Amino acid sequence: MNTARHRDSRLPPGLLFCALALIYSLWLVACWPGILGQDSLAIILEVESNRDFQSNKPPLWYLFNLALYGPWRLVEIPIACQMLICTLVCTRILSWMWTNRLYKSFLYGLLGVALAPSVLYYASSLYSDGIYAIALAGMLFEVWRCWRQRRLDMTACWMLTITVPFALFSRPNGILNVIAILALAIALPRGHRWRLAAVVLPWCVLAAFAHFEFKQRNPIGSVFPLALYETVGFLEHRPMGLWERGEPRVTAATVDALTSSGNSLEKILQFHDHYYWDPLIFFPQGPALLGLSNDAKNTILREFFTYNLWHNFPAFAASRINIFLYSSLADGGFAGSTNAEHILPQTHSNSEIRFRHGVIHRWQVDWLDFTFKYRAILWTPWVGLILMMLAGARTWRYRDRPGMVVCAIFWFQLLAVFTLSIAGEYRYLLAFFVAPLVLLPIFAASDSSSSNV
């Protein structure tokens with residue numbers, strides 16, 4: 001490529017950053033002090049109570065909020081921080097797209113991802129999902145780029161420094177993403193491996209410290225919720241009564257374990273929801289099945305994998321598809337942009353509701369309501385999921401190993417979310433909505449003749 005033409009095509013990153021920062025700032029002003037939901041309330045209460053109340057969120061996410069919310073009791077501080085990180089990551093990737101003349105990818109990345117209503121919504125909320133999705137895209141982009149050029153430059157070091165903690169440790173499934181870091185370490189020359197270790201290992205040490213220092217008293221885990229939720233679903237009334245002619249749907253030991261805390265099967269089934277496990281666990285009037293003894297929980301797990309799952313596999317598969325489609329079509333519950341009015345009074349926060357009667361707030365509410373009305377088109381992650389297939393096939397065809405690793409990470413995450421989700425929450429799929437930020441460059445450059453990085 002001609003050097004002069006290459007330079008002329010550059011978009012000043014500072015200009016792009018200022019533009020994105022302005023839009024993100026106006027969005028935050030419109031929903032000041034930010035969008036808050038039940039998970040936001042849980043992490044706030046954990047910080048305020050010095051962990052007498054536990055949210056069961058990853059320890060590093062608690063540490064992040066302890067450091068930024070704890071001293072001042074202002075929820076807008078951690079929210080503004082994560083919005084700043086999102087702005088930096090989007091600026092970095094979009095600038096690279098423009099510099100490398102991927103103008104269509106740039107436009108989609110800007111309008112379809114960076115400024116998409118779902119991304120702005122979760123970036124401005126006290127949830128880890130928004131910052132996780134953006135940080136994952138930013139981290140994988142640097143992994144892919146550094147692998148292709150066989151070196152870790154200073155820009156990559158800074159971007160990995162701000163994205164690694166959120167991409168690996170802000171959500172339970174984030175630990176799967178360490179595969180990409182390990183693969184990059186193997187691909188880099190020795191000197192650059194030490195540089196990568198200097199960036200990543202301090203965060204790993206901090207995460208390990210947080211894990212042991214802030215242990216959860218009653219960790220929920222990932223596998224037991226799945227076994228419990230699906231087991232209750234297997235017991236639903238079936239008018240055809242086909243099971244009555246053969247083996248029992250679930251074992252007698254399973255029924256004994258479920259009812260060991262004094263709940264009848266009838267009461268348990270009254271609180272079974274096809275899209276959420278919350279009524280079985282968190283509803284005050286519900287069966288509160290997390291209160292089961294450890295022996296009962298172990299029995300449910302054992303019986304699930306030795307009998308119940310295999311004798312109800314069609315029902316299990318149908319449940320997985322049902323929850324996934326419910327999530328992908330953004331039909332789950334969403335906290336409104338004014339929900340802070342209901343959350344803040346339940347806390348000791350010093351944050352105040354502001355700017356509710358301004359023009360910016362009215363525009364935001366109207367625009368958010370409009371896009372949410374057509375969320376099956378504007379919020380769904382189908383573009384990212386399709387790109388996962390196309391980029392995966394293309395990188396395999398051209399033996400583009402860096403691209404293959406990035407695609408594999410997204411496929412591992414999709415498998416984990418599809419298999420283990422016990423709530424139809426759209427936010428669990430937000431990473432796939434954001435995935436085009438990294439998959440579009442990979443798709444464009446995976447041709448072996450395309451080596452401009």
*Only one of the listed values, [x] 148; [y] 245; [z] 165, was derived from the coordinates as volume of the Cα convex hull per residue in Å³; which label is it?*
[z]
*Set the Förster radius R0 to 41 Å, insert the Cβ-Cβ distance between residue 285 and residue 386 as r into 1/(1 + (r/R0)^6), and round the FRET efficiency to 0.05.*
0.45
*Given labels modelled 7 Å from the Cα in the Cβ direction, how far is it in nm from residue 370 to residue 38?*
3.2 nm
_If each DSSP helix of 4+ residues adds -39,500 (n - 2.57) and the sum is divided by the residues in the chain, what number results at 222 nm, nearest 500 deg cm²/dmol?_
-19000 deg cm²/dmol
*What list of ³J(HN,Hα) couplings, whole Hz, do you get for region 85-90 from phi and the Karplus terms 6.51, -1.76, 1.60, once you set θ to phi - 60° and write x for glycine and proline?*
5, 4, 5, 5, 5, 5
*For region 166-205: rounded, prolate or oblate by the Cα gyration tensor [a/c cutoff 1.5]*: oblate
*trypsin sites (Lys or Arg not before Pro) restricted to DSSP loop in region 97-178 with at most 12 other C-beta within 10 Å*: 150
_Can you compute the modelled spin-label distance between residue 247 and residue 48, with each label point 7 Å from Cα toward Cβ, in nm?_
5.1 nm
_Inter-label distance for residue 317 and residue 354, nm, one decimal - labels placed 7 Å from Cα along Cα-to-Cβ_ = 5.5 nm
*Tell me, what is the FRET efficiency for residue 222 and residue 198 to the nearest 0.05, using R0 = 30 angstrom and their Cβ-Cβ distance as r?*
0.45
_Nearest 10 degrees is fine. How inclined is helix 294-303 to the longest principal axis of the chain, computing both from alpha carbons?_
80 degrees
*Figure the gain on full extension for residue 346 and residue 265 (residue separation times 0.36 nm, minus the Cα-Cα span) and round it to one decimal in nm.*
25.8 nm
*For residue 185 and residue 419, what does the FRET efficiency come to when R0 = 41 Å and r is the distance between their Cβ atoms, rounded to the nearest 0.05?*
0.90
*Would you mind checking the pairs 104/373; 267/297; 215/297 and listing those with alpha carbons more than 24 angstrom apart?*
104/373
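Computed from the coordinates by the stated procedures, all read-outs in this text should not be read as laboratory data. Please read all numbers here as calculations on a predicted model, not as lab measurements. Positions of Cβ are generated from backbone atoms using ideal geometry, with glycine treated the same way; all protein chains shown enter the neighbour counts.
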